[in-house]
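Any read-out appearing in this document is the output of simple, stated calculations on the displayed coordinates, not a laboratory observation. This one's a predicted model, so the numbers in the text were calculated from it and none came from an experiment. In this analysis, Cβ positions are derived from the backbone assuming ideal geometry, glycine residues included, and neighbour counts consider all displayed protein chains.
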Amino acid sequence: MSHSVWHRLVRPNNSQAQNTDPSKVIAMSTWDVDDLKTAVWNKNPNSLRNIDASDLKVYKNQASLAANESLKPWVRVTGLGQSYEDPVIIVVPLPSSRKTESITSPILMVFDFCSNF
């Protein structure tokens with residue numbers, strides 16, 4: 001059986017004003033938080049560019065975010081984010097420059113190798 005899970009993307013400490021209006025994904029009753037992260041990541045490819053689904057932090061609601069009580073990856077999502085007014089909160093980390101470097105480094109190495117000829 002499927003159900004809607006409303007969620008809202010936010011940046012840590014509300015930086016860069018990247019907070020979004022709530023949106024929903026359709027979840028299966030067997031889904032856990034890890035499945036939800038993947039679904040949200042797939043739904044938001046532009047907002048989550050250069051960020052892995054595993055880097056997202058999920059909170060039951062705004063109160064649990066304030067208390068810094070994130071949900072564990074194995075927690076079932078049934079009953080979470082049931083309304084637009086009380087969505088699951090997903091904290092999106094700032095993109096790491098280290099990830100960008102690791103992607104471009106092999107290209108630069110090939111270029112350096114070729115320039116020696």
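With N residues in segment 25-88, what two-decimal value do you get for its Cα radius of gyration over 2.2 N^0.38 Å? Kindly include the intermediate steps, with their values, before the conclusion.
Working: Rg = 11.5 Å, N = 64, 2.2 N^0.38 = 10.7 Å.
Compared with the compact-globule rule of thumb, segment 25-88 sits at 1.08.
Given the options Ser64, Thr20, Trp6, identify the residue whose Cα lies farthest towards the positive end of the charge dipole of segment 6-73 (+1 on Cβ of Lys, Arg; -1 on Cβ of Asp, Glu). Highest projection toward the positive end goes to Thr20. With a cut-off of 15 Å between beta carbons, the residues surrounding Ser64 carry a summed charge of +2, where Lys and Arg count +1 and Asp and Glu -1.
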